[in-house]
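Presented below is the structure to which this report refers.
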Amino acid sequence: MNLRDLAYLVALAEHRHFGRAAEATFVSQPTLSTQIKKLEDELGVTLVERTPRKVLLTETGQEIARRAKAVLAEIDEIKALARRTRDPEAGRLRLGIFPTLGPYLLPHLVPRVRETLPRLELLLTEEKTEQLLKLLREGTLDAGILALPLHDESLHAAYLFEEPFVLAVPEGHPLASRRGPLELAALEHEDLLLLEDGHCLRDQALEVCRHAGAGEKAGFRATSLETLRQMVAANVGITLLPLLATRPPVPPTGHVRLLAFDGAPPSRRIALVWRKSSALAPFLERFARLVQEVALDALGQGEPLTA
């Protein structure tokens, strides 16, 4: 048994197709099929049910593939540790970020990473929080920029920054005429436009609604912050936006007014998260400080809010 054969089995488990698994592992289909058969012979068990139309892993095959994936992730950790020992600022960093933060933080972060860590290969994945957590646990990602709290004892979270929310209202809305910061109580009896299920920002906005006595506008759930922004501009309703989503380089949106909250505004807490077992932990501590510096600069830049 060798690591290459385990990688073939993991690819077959993921793709459920010999051709696509072979393509993913850069070998021919006959080679992959032969190696899987040799692995079965070596272990003395059937791993794959071969049918004319599809490939199914046996129960044993699924369990071995799951364990093999963990083994391969550990091998990647060992290689990463060796690379970091030789050169802490070189190599590859697989970083995940969620959709309501990525488009607004990354334009600030990526140039700074290129400037500060020019030999680092930054590979970015944008997914919803639950998928990012799954990829982190599996070892597919090295770290993720996620919203707190997280409830996973296997992960370490390095706090980065707190991002306030602002209220986006159509220019003709009664709240648009208010001068100065809003109290949270101003949202009482208002119905807010929210994102669809699966976005952590939806859960955060619902928590704000609960505290303020507000509700959710029925019959509409957006797939992105940009959709929410355009719905506000179209006078469909009001919504909460994270502050970074209102800062340059985000262009202004006409017919929308952005209102800050008084006192301690509703907000979300952001952290850099990685596996406690990660060989990259010392480097990630340094990387977290870089992200924190970039984010705090971005949150403070420019006085006026833009819709």
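The values are calculated or read from the model by the stated rules, or taken from the named source; none is laboratory data. The model shown is predicted, which means the values in this text are computed figures rather than measured ones. A quick note on method: Cβ atoms are made from the backbone with ideal geometry, for glycine too, and the neighbour counts reach across all protein chains shown. For the accessible areas, the whole protein counts, side chains as well, though only heavy atoms, and no ligand, DNA or RNA atoms are used. Shrake-Rupley method; radii C 1.70, N 1.55, O 1.52, S 1.80 Å.
So here's what we get for this one:
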read-out: Which listed residue, of Gly91, Gly144, is open to solvent by less than 70 Å² (accessible area, probe 1.4 Å) and within 18 Å of Lys276 (Cα to Cα); value: Gly144
read-out: Any hit, the stretch 164-176, residues being part of a loop (DSSP other than H, G, I, E, B) and loosely packed, with under 13 Cβ neighbours inside 10 Å; value: yes
read-out: Boolean, Glu42 is open to solvent by 70 Å² or more (accessible area, probe 1.4 Å), over 13 Å from Ala68 (Cβ atoms), part of a strand (DSSP E or B) and charged (D, E, K, R); value: no
read-out: Whichever residue in the stretch 268-285 is outside any strand (DSSP E or B) and charged (D, E, K, R) and, among such residues, is farthest from Gly102 (Cα to Cα); value: Lys276
read-out: Matching entry among Asp197, Asp152, Asp191 (being at pLDDT 90 or above and closer than 30 Å to Val291 by Cα); value: Asp152
read-out: Filter pass, Val291 being touching a Gly at 6+ places or on another chain (Cβ under 7 Å), surrounded by 15 or more Cβ atoms within 10 Å (Cβ to Cβ) and β-branched (Val, Ile, Thr); value: no
read-out: Failed item in (1) within 25 Å of the chain's Cα centre (by Cα); (2) among the aromatic types (Phe, Trp, Tyr); (3) open to solvent by 10 Å² or more (accessible area, probe 1.4 Å), with Phe261 passing the rest; value: (1)
read-out: Residues satisfying the stated conditions in the stretch 194-252, i.e. in a strand (DSSP E or B) and at positive phi; value: Gly219
read-out: Residue in the stretch 208-229 that is nearest to Pro164 (Cα to Cα), counting only those that are modelled with pLDDT of 90 or more and either of a type in the set (S, T, N, Q) or open to solvent by 80 Å² or more (accessible area, probe 1.4 Å) (or both); value: Ser224
read-out: Filter result for Glu183 (of a type in the set (Asp, Glu), in the same structural domain as Val294 (by the TED database) and open to solvent by less than 60 Å² (accessible area, probe 1.4 Å)); value: no
read-out: Asp191 being in contact (Cβ under 8 Å) with a residue 24 or more places away in the chain, in the same structural domain as Glu130 (by the TED database) and surrounded by fewer than 15 Cβ atoms within 10 Å (Cβ to Cβ); value: no
read-out: Answer from Leu124, Leu120 - the residue that is at pLDDT 95 or above and either assigned by the TED database to the domain that holds Leu296 or closer than 30 Å to Asp197 by Cα (or both); value: Leu124
read-out: Residue in the stretch 20-38 that is open to solvent by less than 70 Å² (accessible area, probe 1.4 Å) and touching a residue at least 40 places away in the same chain (Cβ under 8 Å) present; value: no
read-out: Given (1) on the phi > 0 side of the Ramachandran plot; (2) out of contact with any helix residue (DSSP H, G or I) (no Cβ under 8 Å at 6 or more places or on another chain), number of the condition Gly91 does not satisfy; value: (2)
read-out: Out of Pro111, Pro107, Pro118, sole residue that is farther than 18 Å from Cys200 by Cα and assigned to a loop (DSSP other than H, G, I, E, B); value: Pro118
read-out: Residue list for the stretch 1-19, filter: small (Gly, Ala, Ser) and in contact (Cβ under 8 Å) with a residue 40 or more places away in the chain; value: Ala7, Ala13
read-out: Test result for Leu206, touching a residue at least 24 places away in the same chain (Cβ under 8 Å) and of a type in the set (A, V, I, L, M, F, W, C); value: no
read-out: Residue in the stretch 298-306 that is surrounded by 14 or more Cβ atoms within 10 Å (Cβ to Cβ), at pLDDT 90 or above and under 24 Å from Leu182 (Cβ atoms) present; value: yes
read-out: The stretch 278-294 residues that are farther than 15 Å from Gly91 by Cα, paired with ones that are charged (D, E, K, R) and modelled with pLDDT of 95 or more (beta carbon under 7 Å, 6 or more apart); value: Leu290/Arg112; Val294/Arg112
